Each structure stands twice: as structure tokens, then as C-alpha cells.
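Read the figures in this text as sums done on the coordinates, not as results from a lab. Computed from a predicted model, the values in this text were never measured in an experiment. We place every Cβ from the backbone using ideal geometry, glycine too, and count neighbours over all the protein chains shown.
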Amino acid sequence: DGGITQSPKYLFRKEGQNVTLSCEQNLNHDAMYWYRQDPGQGLRLIYYSQIVNDFQKGDIAEGYSVSREKKESFPLTVTSAQKNPTAFYLCASQSGRTGELFFGEGSRLTVL
Amino acid sequence: AQSVSQHNHHVILSEAASLELGCNYSYGGTVNLFWYVQYPGQHLQLLLKYFSGDPLVKGIKGFEAEFIKSKFSFNLRKPSVQWSDTAEYFCAVNAWGSNYKLTFGKGTLLTVNP
């Protein structure tokens with residue numbers, strides 16, 4: 001099946017620890033995105049990448065880092081510098097033809 | 001930079017009522033417009049989209065939206081809602097020349113009571 005796979009689905013971590021969320025796609029899309037979803041705030045863009053080995057900061061990049069070494073993969077690291085990391089994280093890839101985003105099922109991170 | 005406003009944070013309707021969710025965007029140039037839906041416990045999925053042509057677009061499950069350029073609006077409508085339409089709805093826009101980066105509204109939670 002073609003789609004976006006995020007893992008893990010649920011993650012608990014202690015304060016001060018870095019956490020890496022995985023995102024893999026087999027849709028052969030060039031562009032990939034990371035959003036953070038908080039109640040009442042919609043989706044806010046963390047980082048995006050339009051091509052391998054290139055990525056740009058979104059609106060709330062502070063405390064996060066990404067890499068894009070392969071077309072299929074766009075992992076997100078939530079660092080200890082992120083002041084409020086507990087959230088629902090969504091990864092998406094984008095069709096270059098239509099601009100439509102295809103989303104994964106999300107990863108819920110809870111920092112204790 | 002573009003921005004998106006969704007007027008209602010939470011809408012509560014009874015089954016068979018008509019629905020209209022407001023969405024306005026700010027950007028002076030050409031845009032592509034989207035409505036996404038997130039059913040409880042499920043991932044975001046596309047409801048409908050507008051790129052060009054007929055400003056009235058039809059999506060899945062009986063939803064439609066009308067693009068009114070003069071009002072910078074893209075309101076979502078459904079003539080008769082069902083309990084299964086309970087979900088959160090997000091309006092999104094990307095502007096030509098913005099490298100296709102999508103900007104989302106804050107979402108509207110729709111609760112349909114049986």
C-alpha cells in the first residue's frame with residue numbers, strides 16, 4: 001500500500017532527552033513536511049523539505065531538527081531545547097502535481 | 001505570507017441540519033485551496049480542493065465548497081449532516097510562488113448529535 005508511515009505512534013520521554021520521530025513514504029514524492037498539532041491551534045509547520053539533502057525551517061522550528069538523506073525518509077528530532085514538546089506530530093508528503101498533502105497517522109509525544 | 005482564518009472553533013448541529021463552515025485567507029495572488037478532515041482517531045484526509053475553473057467544487061461524502069475570490073473565502077457546505085460527519089475540519093491554502101507550502105487554519109470541530 002502506498003502511503004506515509006510514522007513511528008512510534010505513542011512515545012513517552014523524560015525531560016531533557018532528545019527524541020527522534022520516524023517518517024517514511026513510498027509515494028515517490030519530493031516534498032515532505034512536519035507539523036505539530038495542538039488543541040485549538042490547528043497545524044503549525046515545523047520543518048519542510050522539497051528535495052533530498054535540503055530542508056527549510058517552518059514557523060516553529062526552534063527546538064527541533066531534521067535530516068533528509070533519502071527521498072523516502074524525513075526524521076524529526078525533538079531536542080531538549082524545545083520548551084513544550086508534548087504534542088501530536090504529523091508528517092506529510094506532497095504531490096508535486098497537485099500540491100495535495102498526504103498525512104501519516106501521527107506520533108503522540110508525551111514528556112514527563 | 002499567507003494566513004487562513006476559520007471563524008468557528010466548535011459547531012454543534014443535529015442530524016439533518018445544514019452546515020456551513022467559514023474559511024477566509026489572506027493573500028493577494030493566485031492560490032490553491034483545500035479542506036481536510038480528521039475523524040476521531042484517524043489521520044487527516046483530503047475532503048476537496050480547488051485549483052482553477054468552476055469555483056464550486058464537490059468533494060467526498062456530499063461536501064462542497066465555493067471559492068469567492070472577491071471575498072477571499074472558501075466556505076465548506078453540506079445540505080444535511082450525519083452523525084458520522086463528527087470530525088475536525090481544516091481549511092488550508094498554498095500560494096503560487098510559495099513553493100507549495102500549505103498554511104492551515106486552526107480548525108473547526110463539528111459535533112453532530114443524533
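Mind listing just one residue for me: the one in the range A:89-108 that is part of a strand (DSSP E or B), over 9 Å from the mean Cα position of the chain (by Cα) and within 13 Å of residue B:102 (Cβ to Cβ) and, of those, farthest from the other protein chains (Cβ to nearest Cβ)?
A:93
Each row is one residue, and each column tells you yes or no for (1) exposed (fewer than 14 other Cβ atoms within 10 Å of the Cβ); (2) outside any strand (DSSP E or B); (3) on the phi > 0 side of the Ramachandran plot.
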{"residue": "B:29", "(1), (2), (3)": "yes, yes, no"}
{"residue": "B:61", "(1), (2), (3)": "yes, yes, yes"}
{"residue": "B:66", "(1), (2), (3)": "no, no, no"}
{"residue": "B:94", "(1), (2), (3)": "no, no, no"}
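What tally of residues in the range B:1-60 results from selecting those that are touching a residue at least 24 places away in the same chain (Cβ under 8 Å), farther than 24 Å from residue A:39 by Cβ and among the β-branched types (Val, Ile, Thr)?
Matching residues across the range B:1-60 total 2.
If you take the residues in the range B:31-69 that are more than 11 Å from every other protein chain (Cβ to nearest Cβ) and of a type in the set (Lys, Arg), which one is farthest from residue A:102 (Cα to Cα)?
Within the range B:31-69, the match that is farthest from residue A:102 (Cα to Cα) is B:69.
Yes or no: residue A:37 within 11 Å of another protein chain (Cβ to nearest Cβ), in a strand (DSSP E or B), among the polar types (S, T, N, Q) and more than 29 Å from residue B:11 (Cβ to Cβ)?
In short, no.
Among the residues in the range A:32-42, are any farther than 19 Å from residue B:38 by Cβ and either out of contact with any strand residue (DSSP E or B) (no Cβ under 6 Å at 6 or more places or on another chain) or of a type in the set (Gly, Ala, Ser) (or both)?
No, the range A:32-42 contains no residue that is farther than 19 Å from residue B:38 by Cβ and either out of contact with any strand residue (DSSP E or B) (no Cβ under 6 Å at 6 or more places or on another chain) or of a type in the set (Gly, Ala, Ser) (or both).
Please go through the range A:15-52 and give me each residue that is among the small types (Gly, Ala, Ser) and under 12 Å from residue A:102 (Cα atoms), ordered by number.
A:31 - this is the single residue of the range A:15-52 that is among the small types (Gly, Ala, Ser) and under 12 Å from residue A:102 (Cα atoms).
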